[in-house]
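The structure is given below, and queries will be raised subsequently.
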Amino acid sequence: MEPTLNRPLRRNFMKGLLGSTSFWLASGNAHWAEALAAEAAAHPYQPVFFNGPEYQFLEAACERLFPGDHNGPGAKALGVAEFIDRQMQTPYAHGENWYMSGPFQQGPANLGYQLPFVPRDLYRKGITGVEHYARQQYGKDFAALSALHQDELLTALEGGSVQLGEIPGRVFFEQLRTNTLEGAFADPLYGGNRGLGGWLMLGFPGARADFMDWVNQEGASYPIGPVSISGETA
């Protein structure tokens, strides 16, 4: 049976963003994805926050959440894990602007985030918990599992049936999914969206000063490639 976790996320997400906007032909997407993968292999990123096994998990899990397919490159080719590692060095990851005083009381969603862990803690503790669960259930680390078993584990996290020590599996899953999508579509200046591949999938102009001539033209293809804040173009 074909793994199913990525299908609703990737297809529905892309459909919602693209609407009827024209974008690459499938053959062009494949060539671009291959080029991004080759670039990543030629210039491998050395993580700063995550250790080797943690980074392997991150690359594998992000790829299952945002896999490469006929629409374009997946999380690994887009450098999503690099984006997340870079984010771990920011004030956001340290929770510098978060209110972190107790008590922490689990309850309705309107109570907001109710854990004493900033993003750096969520990742470190969450990955440890996932790997323990993977070895217990399947006898292997997450990155060594088949795509089917990886999807089963991620689906269990999303559904809330797995507790990762002090962290609910669903909380960790939402953190990972949110950062995965950010890494795929944020400006390349922040480490993800390598080669502007995420924006090319959407036909998004990026940081161009003026693209108002193409706003609200349903079905029209934007004729100029995207540009990053740094000036990088596709």
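Sort out which residues of the range 182-216 are surrounded by 19 or more Cβ atoms within 10 Å (Cβ to Cβ) and closer than 30 Å to His132 by Cβ, and write them in order of number.
The answer is Gly183, Ala184, Gly191, Gly192.
Of everything in the range 120-168, what is free of Cβ contacts under 8 Å to residues at least 24 places away in the same chain and small (Gly, Ala, Ser)? Give them in sequence order.
Ala134, Gly139, Ala144, Ser146, Ala156, Gly159, Gly160, Ser161
While we're on this one: Can you tell me which residue among Val130, Val80 is touching a Ser or Thr at 6+ places or on another chain (Cβ under 7 Å) and crowded, with 21+ Cβ neighbours inside 10 Å? I'd like the intermediate steps shown before the answer.
Values: Val130 fails: touching a Ser or Thr at 6+ places or on another chain (Cβ under 7 Å).
Every option except Val80 fails the conditions.
Look at Ala77 and say whether it is assigned to a loop (DSSP other than H, G, I, E, B) and aliphatic (A, V, I, L, M). Quick ask: steps written out before the conclusion?
Numbers: assigned to a loop (DSSP other than H, G, I, E, B): no; aliphatic (A, V, I, L, M): yes.
Spelling it out, it is not the case that Ala77 is assigned to a loop (DSSP other than H, G, I, E, B) and aliphatic (A, V, I, L, M).
A follow-up question, please. Being under 25 Å from Gly183 (Cβ atoms) and outside any loop (DSSP other than H, G, I, E, B) is the filter here, so list the residues in the range 204-228 that pass it.
Gly206, Val227 - these are the residues of the range 204-228 that are under 25 Å from Gly183 (Cβ atoms) and outside any loop (DSSP other than H, G, I, E, B).
Moving to a separate point now. Are any residues in the range 139-158 among the charged types (D, E, K, R) and closer than 12 Å to Ala60 by Cα, and if so, which ones? So that I can check it myself, show each step before the final result.
Keep residues of the range 139-158 that are among the charged types (D, E, K, R), which gives 140-141, 151-152, 158.
Within the range 139-158, Asp141, Asp151 qualify.
Another one. Output the residue which, of all residues in the range 25-47 that are exposed (fewer than 11 other Cβ atoms within 10 Å of the Cβ) and closer than 30 Å to Asp121 by Cα, is modelled with the lowest pLDDT.
Per the stated criteria, the residue is Ala41.
Read through the list (1) over 17 Å from Ala81 (Cα atoms); (2) at pLDDT below 95; (3) surrounded by fewer than 20 Cβ atoms within 10 Å (Cβ to Cβ); (4) among the hydrophobic types (A, V, I, L, M, F, W, C), then give the number of the only condition that Phe117 fails.
All conditions are met except number (3).
Continuing with the same structure: Out of the range 216-229, which residues are closer than 23 Å to Pro188 by Cβ and not hydroxyl-bearing (Ser, Thr, Tyr)?
Just the residues of the range 216-229 that are closer than 23 Å to Pro188 by Cβ, to begin with: 221-229.
Answer for the range 216-229, where residues must be closer than 23 Å to Pro188 by Cβ and not hydroxyl-bearing (Ser, Thr, Tyr): Pro223, Ile224, Gly225, Pro226, Val227, Ile229.
The values are calculated or read from the model by the stated rules, or taken from the named source; none is laboratory data. Given the structure is predicted, the values throughout are model-derived calculations rather than measurements. Positions of Cβ are backbone-derived with ideal geometry, glycine not excepted, and every protein chain shown enters the neighbour counts.
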